[in-house]
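These notes concern the structure reproduced below.
The values are calculated or read from the model by the stated rules, or taken from the named source; none is laboratory data. Since the model is a prediction, treat every value here as computed from it, not as a measurement. Cβ placement follows ideal geometry from the backbone for every residue including glycine, while neighbour counts extend to all protein chains displayed.
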Amino acid sequence: MKILSIILLFLSFHTHAVAEKGVVVNILPDKLTLSIDCEAQVKLQRLKTEPKKFSVGYSCKNSTNGSYYLDFRLNDMDIVADFDDGSASVDVNKTKFKSYTLYELSIESEKGEKFKFVSYCTKDICLDLVGNYETEVKDSITSQLRG
């Protein structure tokens, strides 16, 4: 009976994901539909400056088969501190967007490597978009935020 329940749950999720053309996540106040190419990460991620704090993540593929990540975490730490160790140049653009605060970080390492990072935060939770994402990904997330 347990196996039948698991199969029915999987089929129900798969049908819903296909109908929505993606993976539906209800962590923020708004429902987000992520790309069908996103997979939940089973392993919780530890942040460098706060090893006791965790996030739940999704690993996604972009159009050139590169990867980007969506991490949902509690808004109880300064994420900029993870990059502010003196070995990188960090520029932060902070804007208010509806009930969210949007942080856009541009980071350049001492070796000249450039990295972009976007974080959508409410009072309680943040969604961090990191990696090799395309502008369309950020635009899609922004367009789905209603709160």
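Might you let me know whether segment 132-147 holds any residue that is assigned to a strand (DSSP E or B), in contact (Cβ under 8 Å) with a residue 24 or more places away in the chain and closer than 20 Å to ASP91 by Cβ? No, every residue in segment 132-147 fails to be assigned to a strand (DSSP E or B), in contact (Cβ under 8 Å) with a residue 24 or more places away in the chain and closer than 20 Å to ASP91 by Cβ.
Scanning segment 64-95 for residues that are among the hydroxyl-bearing types (Ser, Thr, Tyr) and at pLDDT 85 or above yields THR64, SER67, TYR68, TYR69, THR95. You will find that of SER106, SER119, the residue that is part of a strand (DSSP E or B), at pLDDT below 90 and not basic (Lys, Arg) is SER106 and no other.
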